[in-house]
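> The structure that follows is given in the form of structure tokens.
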Amino acid sequence: MAQRSREVEAHGGEEHEMTFLDHLEVLRWHLIRSAVAIVVFTGIAMANKEIVFHDIILGPSRTDFFTYRKLCEVGAALNSPGLCINKLDFTLQSRELASQFTMHLTSSFVIGLLIGFPYLFWEIWRFIKPGLYPNERENSRGAVFFVSLLFLLGSLFGYFIVSPLSINFLASYQVDPSIANEFDLSSYISTLVTLVLSCGLMFELPMIVYFLSRAGILSPEFMRIYRKHAIVVIAFVAAILSPPDVLSMTLMGIPLLLLYEVSINISWWVRRRDLAKLNEQATS
């Protein structure tokens, strides 16, 4: 999407062309406001340590977690007790003196970033939007809402689906019964954060395809032709973003494949709408 190299502001009825330094100053204040918002949310998360750690961070490490309880209910309804996860055979340890304090800061910052993401993207969008042409603004209407919504849905999917199932698999896997699973707190939190943030970013694929299709860079035919290549790329991305096990890769790869198919339909819808507008202009 093209962006103009200048912005115009009204000053006493006269137009003022912004210099490169003016752009940097405007960007600096957008970033400062975003950072302040994230710091505020981080402080709130730090002040609620019990909720953040006991209920949110350590939730998937206990069998009373929402996902595990629902799996047990589904298993009971289908008469399939194997679906019920009623035991997580591992313990968490803090092996370094400052580990718990560091993890408290890190976890609070991640939660602050997750909560503040819509505002962060809104501030960035406010900086970009004045440099767009009117038709580009029209095409990107609702971008902040849909980007924030998809990021939220992806993060929830990562937290409630991918993370607990991956943690259960990794915690129950043993090469020999004599080896006890005693994980460091930092390893557990880094795995959880990676899965949640990765899923949040992956769910932005439809929006990326939408903007590329609006710009004429992508087409549904192109995406269909290179579907096999996309599957290889998706498998590679899932292998990088997920822990090194087949279950985690599958749990991240399948949603990406579904999102890719949804994105093909989005690209087709964008192309059809553009053709309808061109036909309308040609007949008017």
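> Can you tell me which residue among GLY142, GLY158 is more than 17 Å from the chain's Cα centre (by Cα) and either under 21 Å from LEU259 (Cα atoms) or at pLDDT below 90 (or both)?
GLY142
> Suppose we filter the stretch 60-69 for residues that are among the polar types (S, T, N, Q), under 24 Å from LEU114 (Cα atoms) and open to solvent by 30 Å² or more (accessible area, probe 1.4 Å); how many remain?
Selection size over the stretch 60-69: 0.
> Residues to consider are VAL270, VAL262, VAL237; find the one that is assigned to a helix (DSSP H, G or I) and at pLDDT 90 or above.
Of the residues listed, the single one that is assigned to a helix (DSSP H, G or I) and at pLDDT 90 or above is VAL262.
> List pairs: first residue in the stretch 18-47 and open to solvent by 80 Å² or more (accessible area, probe 1.4 Å), second residue modelled with pLDDT under 95 anywhere in the structure, Cβ distance under 6 angstrom, at least six positions apart or on different chains.
What qualifies is ARG33/GLU123.
Residue-wise test of (1) part of a helix (DSSP H, G or I); (2) in contact with a helix residue (DSSP H, G or I) (Cβ under 6 Å, 6 or more places away or on another chain); (3) over 17 Å from ILE56 (Cα atoms).
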| site | (1), (2), (3) |
| --- | --- |
| PHE109 | yes, yes, no |
| LEU120 | yes, yes, yes |
| GLU123 | yes, yes, yes |
| ASN135 | yes, no, yes |
| GLU138 | yes, no, yes |
| SER166 | yes, yes, no |
| SER178 | no, no, yes |
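> Mind listing whichever residues of the stretch 229-284 are over 16 Å from the mean Cα position of the chain (by Cα) and among the β-branched types (Val, Ile, Thr)?
ILE231, VAL232, VAL233, VAL246, THR250, VAL262, ILE264, ILE266, VAL270, THR283
> From the list SER213, SER219, SER190, SER178, pick out the single residue that is within 23 Å of TYR159 (Cα to Cα) and either buried (at least 19 other Cβ atoms within 10 Å of the Cβ) or of a type in the set (Ser, Thr, Tyr) (or both).
The unique qualifying residue is SER190.
> With VAL196, VAL209 as the choices, which residue is within 29 Å of ALA98 (Cβ to Cβ), touching a helix residue (DSSP H, G or I) at 6+ places or on another chain (Cβ under 7 Å) and either in a helix (DSSP H, G or I) or at pLDDT 85 or above (or both)?
Being within 29 Å of ALA98 (Cβ to Cβ), touching a helix residue (DSSP H, G or I) at 6+ places or on another chain (Cβ under 7 Å) and either in a helix (DSSP H, G or I) or at pLDDT 85 or above (or both) holds for just one of VAL196, VAL209, which is VAL196.
> If you don't mind, another one. Pairs needed: first member in the stretch 154-179, farther than 14 Å from LEU71 by Cα and in contact (Cβ under 8 Å) with a residue 24 or more places away in the chain; second member anywhere, β-branched (Val, Ile, Thr) and open to solvent by 50 Å² or more (accessible area, probe 1.4 Å); C-beta distance under 6 Å; at least 6 residues apart or different chains.
none
> Going through the stretch 70-97 one residue at a time, which ones are open to solvent by less than 60 Å² (accessible area, probe 1.4 Å), over 20 Å from LEU192 (Cβ atoms) and small (Gly, Ala, Ser)?
GLY75, SER80
> Inspect the stretch 136-148 for any residue being among the basic types (Lys, Arg) and buried (at least 16 other Cβ atoms within 10 Å of the Cβ) and give the result as yes or no.
No, every residue in the stretch 136-148 fails to be among the basic types (Lys, Arg) and buried (at least 16 other Cβ atoms within 10 Å of the Cβ).
> Restricting the search to the stretch 149-175, which residues are under 30 Å from ARG273 (Cβ atoms) and surrounded by fewer than 19 Cβ atoms within 10 Å (Cβ to Cβ)?
LEU149, LEU152, LEU153, LEU156
> Just for the stretch 193-210: of the residues that are open to solvent by less than 40 Å² (accessible area, probe 1.4 Å) and of a type in the set (Ser, Thr, Tyr), which one is farthest from LEU152 (Cα to Cα)?
So, considering only residues that are open to solvent by less than 40 Å² (accessible area, probe 1.4 Å) and of a type in the set (Ser, Thr, Tyr), the one farthest from LEU152 (Cα to Cα) is TYR210.
> Pull up the stretch 49-59, narrow it to residues that are open to solvent by 70 Å² or more (accessible area, probe 1.4 Å) and not β-branched (Val, Ile, Thr), then point me to the one that is nearest to LEU156 (Cα to Cα).
ASP55
> If you don't mind, there's one more thing I want to ask. So, of the residues in the stretch 125-137 that are more than 19 Å from ILE208 (Cβ to Cβ) and of a type outside the set (Phe, Trp, Tyr), which turns out to be modelled with the highest pLDDT?
Ranking the qualifying residues of the stretch 125-137, first place goes to ARG126.
The values are calculated or read from the model by the stated rules, or taken from the named source; none is laboratory data. Computed from a predicted model, the values in this text were never measured in an experiment. Ideal geometry is used to build each Cβ from the backbone, glycine not excepted, and the neighbour counts take in all protein chains shown. Heavy atoms of the whole protein, side chains included, go into the accessibility calculation; ligands, DNA and RNA do not. Shrake-Rupley method; radii C 1.70, N 1.55, O 1.52, S 1.80 Å.
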